[in-house]
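Enquirer: Below is the structure I would like to discuss, written out as structure tokens.
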Amino acid sequence: MGKIKKEVAAYFKAADPKELALAEQELIQEGIGREEMKRLCDVHLEVMKEQLGIKAKSIKLPASHPISILKDEHKIIKRNLKKLKTTLEKLKAAGSFERARRQINTLKELTHFFLETEKHHQREEEAIFPRLVAHGITEPPEIFKEDHIEFKAKKRNLNEIVMGAEKKDFKDFLDTISPIIEFLVKNLDEHIYKEDNILYPMALQTLEKNEWPDVRKKFDVIGYCCFAPSDVRKKRK
Ligand SMILES: [Fe+2]
Ligand SMILES: [Fe+2]
């Protein structure tokens, strides 16, 4: 068996999130392109879905923990992705701006929400990723960062189009927003899945216990998007 083949086999055997990250890194160093790696990662995820899900669910953390905060935000983001999808379907069925007024307003609220979630990605990038890198886990943060850049561009683009919606022809409007919404619904959902089931468990295994309070401090400095963590809400009252 060639060296890469052996590593691919090892990669598929690794159920442990940290081992998986190290196997990925080795493969990339051996010359597998990042695109190919991403594909491999998706195949692997498909195979491991159940096992990983059970493992990730068994991790119990207090609500004030940075990972709990991110996971709670994921739930809200996922809910709004579903809403985005149904809004697009309703828009298509409405057929004109006059009949789609309510849906256009919902769409405006949703695009605003998604721009606000930039803070979520910023917290991941600035408070957690550098610590993973410091522990020698360099590739996964790069892949997730690339996703963030892509999402940000799509979200900004969508917001611009939606804000100027009524100036366009209804059909043109639908044709421009549909692929963007479909992209976000599919890819952002997958991104979240990978974070909940691989990246976050990996971070929990990798960072030292005493690093988390500092991560949380950085979180508070950057700020929150869709909601404030419960302990922050209590302090405000
Ligand atoms: Fe992310
Ligand atoms: Fe995330």
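Computed from the coordinates by the stated procedures, all read-outs in this text should not be read as laboratory data. Bear in mind the structure is a predicted one, so any value in this text is a computation, not a measurement. For neighbour counting, all protein chains shown are included, and Cβ atoms are generated from backbone atoms with ideal geometry for every residue, glycine included.
Enquirer: For region 62-236, what is one quarter of the convex hull surface built on the Cα atoms, given in nm²? If you can, show how the numbers build up before the last one.
Expert: Working: hull surface 42.4 nm².
The directionally averaged projection comes out at 10.6 nm².
Enquirer: Taking R0 as 41 Å, what's the FRET efficiency between Arg79 and Lys171 from their Cβ-Cβ distance, rounded to 0.05?
Expert: On the way: r = 29 Å, r/R0 = 0.71.
Once rounded, the FRET efficiency stands at 0.90.
Enquirer: Can you order the peptides 156-164, 112-120 by their average number of other Cβ atoms within 10 Å per residue, highest first?
Expert: On the way: 156-164: 15.4, 112-120: 17.0.
Result, highest mean first: 112-120, 156-164.
Enquirer: Extension gain Phe183-Ala134, at 0.36 nm per residue separation less the Cα-Cα distance, in nm? Walk me through the numbers before you get to the answer.
Expert: Working: separation 49, 0.36 × 49 = 17.64 nm, distance 3.23 nm.
Between Phe183 and Ala134, full extension yields an extra 14.4 nm.
Enquirer: Moving on. Taking θ = phi - 60°, what integer Hz values does the Karplus form 6.51 cos²θ - 1.76 cosθ + 1.60 yield along region 132-145, in sequence order, with x for Gly and Pro?
Expert: Couplings: 5, 4, 4, 8, x, 9, 9, 6, x, x, 4, 5, 5, 5 Hz.
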